1. Please go through the stretch 160-184 and pick out each residue that is open to solvent by 50 Å² or more (accessible area, probe 1.4 Å) and more than 25 Å from residue 314 (Cβ to Cβ).
2. If you go through the stretch 211-232 one residue at a time, do you hit one that is part of a helix (DSSP H, G or I) and under 30 Å from residue 132 (Cβ atoms)?
3. Does residue 268 qualify as being basic (Lys, Arg) and more than 23 Å from the chain's Cα centre (by Cα)?
4. So which residues in the stretch 194-206 are part of a loop (DSSP other than H, G, I, E, B) and surrounded by 15 or more Cβ atoms within 10 Å (Cβ to Cβ)?
5. Out of the stretch 85-129, which residues are assigned to a loop (DSSP other than H, G, I, E, B), in contact (Cβ under 8 Å) with a residue 40 or more places away in the chain and touching a His at 6+ places or on another chain (Cβ under 7 Å)?
6. Quick check on residue 299: is it more than 20 Å from residue 123 (Cα to Cα), open to solvent by 30 Å² or more (accessible area, probe 1.4 Å) and not hydroxyl-bearing (Ser, Thr, Tyr)?
7. Between 369, 319, 333, which is surrounded by fewer than 14 Cβ atoms within 10 Å (Cβ to Cβ), at pLDDT below 80 and part of a loop (DSSP other than H, G, I, E, B)?
8. Go through the stretch 127-159 and report how many residues are surrounded by 22 or more Cβ atoms within 10 Å (Cβ to Cβ) and within 24 Å of residue 198 (Cβ to Cβ).
Amino acid sequence: MASSGKFIPQQGGGVDKSVGGAHSTASKGKSSSSLFCIPCGGQKLEYLDYDYTYDDTTHGKRKPQPYPRIRERGEYYIDSFNDQPWACTFGTGEHNGIWFNSSDQAGTIMSALVWLLMLYSAVTVTLLTITEGIPVGLGMVYNMLCVMALSSHAKTSLSDPGSVPIQAIPSERQRLMKDSHSMCGQCQTFKPPMSHHCRICNRCISRMDHHCPWMNNCVGAGNLKHFLLFLLYTWTCAAYSLALFGWNYFFCADEDCTFHPVVVHLVRVMTLLGIGAFLFTSSMLMNVCYGLMTGIGTIDRLKKKATNTMNQSDEEPIPLKDVFGIAGLHTWPFPVDPVFDDYDRVMGYCTPQRMDRERQFMEHKRPVPVPDIHHSQSLELPKCFNDLLPV
């Protein structure tokens, strides 16, 4: 859908207004909020559910809803309240339920071309295994790499790159650090730091790196992980195929290594494609790694170079947890939505609705301790009151 699951931390059981609640597509069309308490290590998962619409006064038979326990320091919670649009429409607007850029015809063609070339290479390697040109195991490994690369490509193209909603506001931390905040002239909304307005997607994108025509989408904070995985798997496919063909051509003199005459022409074309893909993905990987190490995206770097202000940069490196999340190392190689420890900090904004849900949970949905008051059996006023009375 248009948005992925968003996760934020809450420590000490208090309200941290610098972060807000989060929303995912797990509870489409529901207004309840499911809470999961997760320790720092992520080994224990406790399910806590609280329904804000629960009414224990109806019919006089419903039991009062139990309150979730107060979280300990170092625990995270997931607010699965979903405020995404229900409409099954494709587009980049806030009313579209599925993120898809259909306004750029050139990007659509280039994105489809990526799939065509990857499928061509997979078919070529499959024919090599059928004609016994290479072992079956090596062909299976290459096809698996192609599947992962295409899955990452699809996830990058169909994921919200971090579009800024119209109700976005600065977080409490940003309001304390700055007296003024930027506004987007096209969107007429708050513009988070390191965000840019994409004229193709017609949205402001948080931590936008660039608009990639091969993805037919922007690359931002929401899909940087999937884009990086696509580059890694495509680079691996290119290096793997070139190494396989090079070993067959230079080091294998056996008759069993001879390719079928028809497949030879496919291998020659694939070799040229592999060289081009290897060089292109290598340069893009270096570009992305440079952006992570310096904290400066491609657009910001080009602007700073044009104004000769690269030496005045004060950006901090982007930690890997802001790209791959905190769900565990086993989720890093797969194109699944990252689990951010502080969604508002990563995206650079918060929303009043998310902060209000957190405030309701922390203030109104928690029992307030009532002090014990012991009633005196005597009608006499306490001595402290008698001392204050006039004589």
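1. Those that are open to solvent by 50 Å² or more (accessible area, probe 1.4 Å) and more than 25 Å from residue 314 (Cβ to Cβ): 166, 167.
2. So in the stretch 211-232, the residues part of a helix (DSSP H, G or I) come out as 224-232.
Subsequent filtering for residues that are under 30 Å from residue 132 (Cβ atoms) retains none.
Among the residues of the stretch 211-232, not one is part of a helix (DSSP H, G or I) and under 30 Å from residue 132 (Cβ atoms), which makes the answer no.
3. Details: basic (Lys, Arg): yes; more than 23 Å from the chain's Cα centre (by Cα): yes.
Yes; evaluated as a whole, the condition is true for this residue.
4. 194, 195, 200, 201, 202, 206
5. The answer is 85, and nothing else.
6. Details: more than 20 Å from residue 123 (Cα to Cα): yes; open to solvent by 30 Å² or more (accessible area, probe 1.4 Å): yes; not hydroxyl-bearing (Ser, Thr, Tyr): yes.
It is true that residue 299 is more than 20 Å from residue 123 (Cα to Cα), open to solvent by 30 Å² or more (accessible area, probe 1.4 Å) and not hydroxyl-bearing (Ser, Thr, Tyr).
7. Numbers: 319 fails: at pLDDT below 80; 333 fails: at pLDDT below 80.
On inspection, the qualifying residue turns out to be 369.
8. 5
The values are calculated or read from the model by the stated rules, or taken from the named source; none is laboratory data. Note that the structure is a prediction, hence the values are computed from the model and not measured. In this analysis, Cβ positions are derived from the backbone assuming ideal geometry, glycine residues included, and neighbour counts consider all displayed protein chains. Ligands, DNA and RNA are excluded from the accessible area calculation, which covers all protein heavy atoms including side chains. Shrake-Rupley method; radii C 1.70, N 1.55, O 1.52, S 1.80 Å.
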